[in-house]
Every structure is written in structure tokens, then in C-alpha cells.
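Shown next, in C-alpha cells, is the structure this report addresses.
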Amino acid sequence: MIMRIESIKNYKMQEQANAETRPYKLATRNVNAYYGNKKVLQDVNMQVRPNTVTALIGPSGCGKSTFLRLFNRMNDYIDTFRKEGEIIINGIDIYRKKIKIEELRKTIGMVFQKPNPFPKSIYENVAYGLRIQGINNKTTLDEIVEKSLIQSALWEEVKDDLKKNALALSGGQQQRLCIARALAVEPSVILMDEPASALDPVSTSKIEDLIYELKQHYTILIVTHNMHQAGRVSDKTGFFYLGELVEFGDTKQIFTNPKNNKTENYISGRFG
Amino acid sequence: MNNATTNRIKDNLLKYFGIVCTLSGLIVLAIFIIDILIDGVQRIDWEFMVSLPSRFPEKAGVLTAWTGTLWILFLTAIIAIPLGIAAGIYLEEYSKKGRLANLLEINIANLAGVPSIIYGILGLEIFVRRMNFGGSLLAGSFTLALLILPVIIVATREAVKAVPKTIKEASFALGATKWQTISRQVLPASASSIITGIILALSRAVGETAPLIVIGALAYVPFVAKTPMDEFTVLPMQIFNWVSRPQHGFIINAAAAIIVLLCFVFVMNGLAVYLRNRGQKKIQ
């Protein structure tokens, strides 16, 4: 038994070491972003390794949500939005003309601030991403729905009730359903925009445990207002202030020994 | 008398004033319906429903009129519904917000307010003369479709706008295209409101007389329309014709025809209310 734990530990350390050396999963190069004439992101450079959790923190309106939404091009729907610089996923600039936006989004899952399940059954919610790709085979769908719900730690609670309307679930369950829905299309990156801010503490801790689990398979970017949450779940933390990435580094270092005054003030709760 | 008492009296006064205002409309409607029922209900029987019009009030019936109304309802619906929904979706989901969109919006709102007789004149010029439909069902349906199009467009837009943005975002984030999002999320979520708007618009079309008079619908049509190119009459035309006759028998016929028309409209409005309630339940 002890040997086994040891070997798991070793394996995890190995994993960690691998993660440090693997090529970057996500990167941005000199990114500026504007809404009309208002500049919301200022020369942001960030690199993210695969299978890590990166927390984006900062006061409201600092640009962190805009930054998050660059990676699945959700900002494209805002008429006045404009960006400069490169956003690179797996070595490819995702804003190139050739990139098909729908294809991109199948590889980049997103979880929103407020749980937003479709007004359909639990099953159809998870199957949606597959159905729009034309996958309607019942066995395949059953399999993936189950797998995704297990991964999002919701399966045990809903397995007898898959036909039930998703809106009848509690807020925390809805959010885990939204995570299952994102996982079903097998993305490699998951973007989370304050996924626990509308939830009670118990649901929040479930989501946090889940994030830790998901890290084994996915690269996760998470926007959060909750400092403790950032500290608990993330490997790296980026602090945004007025559109600039003020400081970016290991979470431990950012929280215990921030290099920048603004970071220190924000983390210690002096503003924001 | 202290302040609280005066306030309470004011409160009560306003309440009773409100009740009187609410009732005044309903009482007038009730008087009208009772009056019509007293006059007309004796005349309604199977014979009245299946008889052709006639010079003699006792022999005259509303067969051509109600079949004409059904025809008009059907044709107007298949012309106006696809156009209205498509236009509403385009304006809400596809068109870029800007000066052109504003212009379109103002124009559509204005069109909804244009008097129906103007549509009649438009229909006369375009459908009856230019397109050579004559005073046919088709000309009448196109004219009425134009009349209710703005109402359907506005209803569709409002319904589509009411679909939460978060639902659309969730769909896009999973890699859905715009059309997939509209057809699988937006339309199902807004369907009951859209249908309600359409039914209310159609029930307005059923009651219209002026534009049909202008395009030359006839009051006396001695046969049931078989194709959309046939001449026709509708219930309001028949009523209009009968009330302007001097014989008392036709006045009774008119009352009976009004009851038939009211049944049409009440059933349609009832359906609209039912669908709206069902839609609200689904969203909750």
C-alpha cells in the first residue's frame, strides 16, 4: 500500500516535471484589445503549459474576462471589439483567416459565470455538442454522456433521471452539468469564467475538487474573484490591473511573495 | 382626520375608480354581445351555415362568407408567416446594428400603424392590376399578408430578443454555428411567443373589411371558392352588406353572421392565450 502511494507520488512528481518542460499549450503575444476606442487589454504576454490550472485575478473591469474570451473567440460577437497581437493555441494563431471558428470551439470548452443549461433534459444538454456535429448514434451518445457526467462528478446524482429537465437541478448541479456538457466534445482546454461565483460554499468546493481532477486531462484557465480559490486550485496566477498583466508566475510565489506592489495590495485586500 | 386616514380614503377612491374604468369597457362589450345574441341566435342553424346568399333574408346563409374567411385565413397565413419570421430573425440576429437597421426598424414600426385602407389601395394597384390577380382570394390574401407582416415581424423580434443571451453563448461555445443556435435553441425557446403573435395578427386579418372592399371583394358571391384565383367574400363583407339593407330580416342575418365571426376571433384569441401560458410554464 505504502509502495503504491509512493509510486503515485513519484508519478505525480514526474507529471509535474513533464508539465514544466512540455511546449506551451496557450500563448499570447503583445495582445491589445479594444471596445470601440476604449483599450481594455494592454500588451499582454502569457504562456501556459499543458495540464496546468492558471488563475486570472484582478478587480472588476480589469480585462481578465475579455482576455479569457480571446481563446475561444467569444468576443467576436461584440460589434465594437477589435484586437491586435497573436493568440496562439498549440502553436497556431487562432485569429488567422483560415481558422474555422466552430472547429476551434470544439477544442476549447467554456464554463460561464452563471450556470446556463439549455431548457432541455440532462441527457440532451450533454449530448448537444455532439448532436450539432452530426453525431446521433444512440450508443455513442449514451457512452459519452455517461463518461462526461462521471468526469464532472454528477453521474451518481442524476443517473436515474437523465430525462429530467436540467433547469430542475440545483445551481451547483447545473454548473457541473455545464462542465459535463463542455467535456463531452473532448476539448483540450477549458475556460472558466468565475464558475463558482453564483454557488454556495459546498457546491463551490465540489467544483474546486473537480478542477483539480480535470487538470490531469485538460489545460484550464480560470477567472476568479475569490483569492482563496485562486490559491487553492491554480498552479500559476496572473494578476490583471487596468488591462495590463501586472504579474504572472507560480501561484505560491504570487500569494506569498509578490514582486509588484499592486499585486500585493490587491491580494492582501487593500483594494479591488 | 389624520394623515393616514386621508391616505387610506385616497387609496380606496383610486381603487374604485380603477374598477369602474375596467368595467366600463367590459359592460359595453357585454351589452353588445347580449344585444347581438338576442337578435341573432334564433337565426343560427345548420341551414344558415350551409346556404348561399340570397335576395330573401330567410333563405340567405353565410356559406360563401365563412368558407371565404377560412380561405383568406389559410392563404394569408402561408404567405405572411414565413416572411414575417424570417424577417424578424434576420433583423434580430443577423443584421448589423447601425443606421440601416435603425431605418428599417422605424419603417416597420410605422408600417404597423398605416391605416388598413391604404394597404387596400396598395393591393389594388399591385396585386389586382399589375399582377393581374383580379378580385381573387390570392389578391386579398397578399394584401392582408402585407397588412399583418409588420405585426409578425415585431412579435418575432420581441420573442427572439427575450431568449437569454447566456443560452446562445453556451451554444456558440460548444461550436454551434449561428443557424444551429437559432434553429435548436432560439426558435424552440421563443416559439410560443411567436405563435401567439401570429394568431393575434391573423385574428386581426380575419376582421378586416376596408382593404378587401378596395381590392374589389364582392358582397354577393353565389358559389364557394374552389381555387385561390376565385372571387370571394368574407364574413365582415357579408355583415357590412346585410346591415346596409333596409329589410329587417337582413339585420337579423347580420347579427347571426356577427356571432359566427366572433366565434372565429374568440377561438383564435383563446388559442393564443393558451399557447402563451403554456410557453411561460415551460420557461419557469
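The numbers here are math on the coordinates, done by the rules we state, and not lab data. These figures come from a predicted structure and were not determined experimentally. Reconstructed Cβ throughout: ideal geometry from the backbone, glycine too, with neighbour counts over all protein chains shown.
Some points to look at:
- Cα gyration tensor category, rounded, prolate or oblate, for the range B:194-262 with a/c compared to 1.5: oblate
- Value of [θ]222 nm, deg cm²/dmol, for chain B, DSSP H segments ≥ 4, -39500 (n - 2.57) each, nearest 500: -24000 deg cm²/dmol
- Most mobile listed residue (A:Asn75, A:Asn30, A:Asn137) in chain A, GNM with C-alpha springs under 10 Å: A:Asn137
- Prolate/oblate/rounded label for chain B (Cα gyration tensor, a/c 1.5): oblate
- Global geometry of the range A:15-171, whether rounded, prolate or oblate, following the gyration tensor of its Cα atoms and the 1.5 cut on a/c: prolate
- Close amide-amide hydrogen proximity is noted between A:Ser121 and A:Ala166, each under 5 Å apart and 5 or more residues distant or on a separate chain (H modeled in the peptide plane; Pro and chain starts excluded).
- Put in order of Cβ neighbour count within 10 Å, fewest first, the listed residues B:Val265, B:Val20, A:Val44 become B:Val20, B:Val265, A:Val44.
- Residue order, fewest to most beta carbons within 10 Å, for B:Phe32, A:Phe118: B:Phe32, A:Phe118
- Taking A:Arg181, A:Arg96, A:Arg232 as the candidate residues, the one with maximal mean-square fluctuation in a Gaussian network model of chain A, Cα springs under 10 Å, is A:Arg96.
- Eligible lysines near A:Lys97 by straight Cα distance, threshold 22 Å, same-chain separation 8 or greater: A:Lys25, A:Lys83, A:Lys106, B:Lys96, B:Lys178
- For chain B, a Gaussian network of Cα nodes joined below 10 Å ranks B:Gly113, B:Gly40, B:Gly216 by mean-square fluctuation, and the top entry is B:Gly113.
- Pairs of Cα atoms nearer than 8 Å and 6+ residues apart set the relative contact order; for chain B it is 27 percent.
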